Amino acid sequence: MSLVRAETRRLFRRRLTSVLLIGVVLVLAAIAAGTFVSNEKAIPAQVAAAKQQAARQYQEAAAAAEVEKLRCLAAAPGSAEAANFPANCADLYTPRPSEFEYVWYLPETFELRDEFPEMISLFALLMAAAAYLIGATFVGAEWHSGAMMNLLLWRPQRLVVLGTKLGVFLGWLAGVTVLLGAAWAGAFRLIAEFRGDTGRMTSGVWQSFGLMGLRSLGLVLAVGAIGFALASLGRHTGMALGALIGLTAVQIGVYVLAGFSGLKFPEAYLVPLWGYVWLYKREVLEDWSCDGMTAGGDCAAETFTMTWQMAGVGSAVVLAVVVGAAMWAMRVRDVN
Amino acid sequence: MTPVLEISGLRKTYRSRKGARNALDGFDMVVEAGQVHGFLGPNGSGKTTTLRTLLGLIRPDGGRMALLGREVPWHLPEVAGRVGAIVESPQFFGRFTAETTLSLLADAGGVDRARVPAVLDLVGLRDRAKEKVKTYSLGMKQRLAVASALLKEPTLLILDEPANGLDPGGIREMRTLMRDLSASGMTVLLSSHILAEIQLICDSVTIISAGRRITAGSVAEVLAQHTSGAVRVRLEPDTDQEEAARILREAGAQVTVETAGQLTVRDVTGPAQITRLLAQREIYLCELTPIAADLEDVFLELTGTTPVEGHHRQVDENALAVGQNGWGR
C-alpha cells in the first residue's frame, strides 16, 4: 500500500498532470458554453412561424414543380426543349409536404437525443488525448530523470513497481473520466433543458448513452495505458510521441498500399476507425470498385460491416501486445 | 567478523553490434560488518557495474552475490530496506523539491516521513529543502542522494562517488559523516577516485581492474604489501654524490640519483647499512627518510594506470586489460 500511496502522491504532484487536466476541463467548458450560447429553446410562436414557413416553402416548391410539368407537357417531342425533360412528364419531381420539416426553420436548438452521442465521442477524444500524454509523461519523465532507478533501489521489484504505477494511473484516470463524464452529461442535460429539446428521451436512450459512456471510458483507459507502456518501453516520453508520428506514417502507408494492391475496404486497417466503430457500435464500409453489377447493370457497392466487437478485439490485442512488451522489457532489461 | 557483502565469481558481459565486452570477469569481494570499505578501480574497470548488479539494476551472467547474508538478486526485496545506496551521479525528478523527493521515497519504502527533515539536516540541506531539485548544484544533488540513502537508517550504506561535485568543506563533512556512521555500527562501501580520502576513511579496500579483483585487504596490509622499502638519502653539501651512489651500488643497492645531494636507495637490508657504508668512506648524511607508498601509488602500480609522458592512455588500457577487456568478437 505504501507504494500505491507514493505513486498516487507523485501523480498528483506532477505539474503536467494538473496543467493537462485543467486544459481539458477548460476546453470542455468552452464547448459546453459555446453550445449553450449558439442554441436556443424554441417557443410556441417560433414553432408556429416555422410551421408556416415550412408550408410556404412547400407551396412554392409545388408551384415551381407544376410550372415545370406544364413546360414539359408543352414541349414538342423531338424539340430542343423536350431534351430538357424526361420522356414521361409524370416522372418529374413532385415535392411532398413531409420533405419540408418545420424544425429546419426553427432557430438552432440542442436536441439531446440526436446530438449528445457526438458530444460523448468529443469528450472521449479529448480525454484520450490527455490520457495518452499524462500516461506517457508520468512514466517517461521518471525514466529520463533517473527517478525510476532511484525508486528501484528502494523497491527492487520491477514488475510490482511498473504495475503499481500503471494501476495508480489507470485508477486515477478512470475516476477523473467518470467524474468529468458525469459533469459533461449533466451540463448537456441542462443545455437541452434550457436551450434545446429533451423530447423522445426514453429509458432506452439513456441506457444507450450510458453504454456509449462506458465504451468511451474503455477507450480512454486503453489509450492512456498504451501511452504509458510506449514511454516505459522507450524509457522516455518522446518514445510515446514518436510512436504517434510513426503510427500515422504507417497508417498512411498501409492505406495507400492497400489501395494500390486492390485490397477491399482499406479503411478497416485504420486504427482511428476502430475507435470510431468502438464508440458508435458499427460502421458499414463500402467498396465501389463494382466487381459485381446488379441485374439492371448498375454498380452495386460491396459492403463490410465493422462492429464494436471487432474493433474491441483488435484494440485489445494491440493493448495487450504493447503493455505486455513494456512489462517484459521492465523485467529483463538492465537499468543503466 | 561477519561479511555483510559477499561477491564471488561475478560475471557480466555487455553485448552490442561492436561485439562483446566483459565488464566483470569473475570478480570477488567481501565486506565485513562495521567497516568502511573502499572500492577502487580505474574508469571502466567495473565498479559501477558491480554496484548496479548488486542492487538488482543489472542482471549478472554468472557468479554469486549476497547482501546481509541473503542471496541476491533473488532475496533483494527482503534486504533492500536495510541497504541504502547511491549509484553514480545523483538522479532525481527536477521539478520536485528535496523534501517532496525524500517523502515520496519514504512512502515507497514504507519509511516514516518524519525522518526526512532529520536526514536533510544531516547532509546540510535543511534550509534549501523546499527548493526544486533542478535548482541544485551537483554538490547539493550529491548531498540529497546521500540523504536519500540514509533515510532508511540502513545497515549497509553503498555510496558510489559520494564526493563528486562537493566543495572541500563538503568533502571533509562527508568524511566526518562516514566516520560517524561507521562508529554507529553502519557498514559503508565507498567507491571513489579520491584515494587520499579513501586512505583516510577506510578500514579496508578492494581494487578492481578489467572486471577482476587485483587486491583486497585492510588498508595497512595493502600498503605494506606494496611498500618498496626505499629510503630517501640527503647528503651533506659539497659531498661527491656519484661516489656515494657507487659505494651503495657496490653493496647491492639500487640507487637513483635525484636532485642535487639527494638519492633514492632500494634493496638495502636497512637504513643502518647505508649510514655505516657511507660513514666508513667519511661521507655523512643530513637526512634519511623511509619512502612510504600511499594508496595512490599502489593503485597506479596495480592497475597499470601510471601516466606515461607522451602517451595518452585509453580507458581500457590497464594492467590486466591486454587481450582480456575491451571490445572483441
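Quick one: is B:GLY165 open to solvent by 40 Å² or more (accessible area, probe 1.4 Å), more than 17 Å from the chain's Cα centre (by Cα) and modelled with pLDDT under 90?
Here the answer is no, as B:GLY165 does not meet what is asked.
In this structure, does B:ASP121 turn out to be more than 23 Å from B:ALA80 (Cβ to Cβ), of a type outside the set (Lys, Arg) and at pLDDT 90 or above?
yes
Tell me whether the range B:34-50 contains one or more residues that are within 8 Å of chain A (Cβ to nearest Cβ) and surrounded by fewer than 17 Cβ atoms within 10 Å (Cβ to Cβ). First the steps, then the outcome.
Within the range B:34-50, the subset within 8 Å of chain A (Cβ to nearest Cβ) is none.
Within the range B:34-50, not a single residue is within 8 Å of chain A (Cβ to nearest Cβ) and surrounded by fewer than 17 Cβ atoms within 10 Å (Cβ to Cβ).
In this structure, does A:TRP206 turn out to be open to solvent by less than 20 Å² (accessible area, probe 1.4 Å) and within 20 Å of the chain's Cα centre (by Cα)? Break it down into steps so the answer makes sense when it comes.
On the way: open to solvent by less than 20 Å² (accessible area, probe 1.4 Å): no; within 20 Å of the chain's Cα centre (by Cα): yes.
So A:TRP206 fails the test.
Taking the stated definitions as given, is B:ILE283 modelled with pLDDT of 85 or more, part of a loop (DSSP other than H, G, I, E, B) and within 16 Å of B:GLU236 (Cβ to Cβ)?
The answer is yes for B:ILE283.
Conditions first: (1) at pLDDT 90 or above; (2) in contact with a helix residue (DSSP H, G or I) (Cβ under 8 Å, 6 or more places away or on another chain); (3) not basic (Lys, Arg). B:ASP25 passes all but one, so which condition is the exception?
Going through the list (1) at pLDDT 90 or above; (2) in contact with a helix residue (DSSP H, G or I) (Cβ under 8 Å, 6 or more places away or on another chain); (3) not basic (Lys, Arg), B:ASP25 breaks only (2).
Quick check on this structure: which one of A:LEU26, A:LEU20 is surrounded by 15 or more Cβ atoms within 10 Å (Cβ to Cβ) and of a type outside the set (S, T, N, Q)?
Answer to the selection: A:LEU20.
Could you grab me the full set of residues in the range A:76-103 that are of a type in the set (Ser, Thr, Tyr) and within 45 Å of the chain's Cα centre (by Cα)?
Within the range A:76-103, A:TYR93, A:THR94, A:SER98, A:TYR102 meet the criteria.
Table: residues versus (1) facing chain A (nearest Cβ under 8 Å); (2) under 16 Å from A:ARG155 (Cα atoms).
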{"position": "B:THR53", "(1), (2)": "no, yes"}
{"position": "B:GLY56", "(1), (2)": "yes, yes"}
{"position": "B:LEU68", "(1), (2)": "no, no"}
{"position": "B:GLU78", "(1), (2)": "no, yes"}
{"position": "B:VAL87", "(1), (2)": "yes, yes"}
{"position": "B:PHE93", "(1), (2)": "yes, no"}
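Here are some conditions: (1) in the same structural domain as A:LEU16 (by TED's automatic domain parsing); (2) open to solvent by less than 40 Å² (accessible area, probe 1.4 Å); (3) more than 29 Å from A:GLY242 (Cα to Cα). A:ILE120 meets all but one. Which one does it not meet?
Condition not satisfied by A:ILE120: (3).
Starting from residues that are exposed (fewer than 15 other Cβ atoms within 10 Å of the Cβ) and part of a helix (DSSP H, G or I), keep the ones in the range B:127-141 and report whichever is nearest to the other protein chains (Cβ to nearest Cβ).
Per the stated criteria, the residue is B:LYS134.
Could you check the range B:86-111 and list, in sequence order, the residues that are in contact (Cβ under 8 Å) with a residue 40 or more places away in the chain, among the small types (Gly, Ala, Ser) and open to solvent by 10 Å² or more (accessible area, probe 1.4 Å)?
Passing the criteria: B:SER89, B:GLY94, B:GLY109.
Given the structure, is A:ALA295 exposed (fewer than 13 other Cβ atoms within 10 Å of the Cβ) and at pLDDT 90 or above?
Spelling it out, it is not the case that A:ALA295 is exposed (fewer than 13 other Cβ atoms within 10 Å of the Cβ) and at pLDDT 90 or above.
The values are calculated or read from the model by the stated rules, or taken from the named source; none is laboratory data. Just so it is clear, the model here is predicted, and its values are computed rather than measured. With ideal geometry, Cβ positions are generated from the backbone for all residues, glycine too; neighbour counts draw on all protein chains shown. When the accessible area is computed, the model is the full protein with side chains, heavy atoms only, and any ligands, DNA or RNA have been set aside. Shrake-Rupley method; radii C 1.70, N 1.55, O 1.52, S 1.80 Å.
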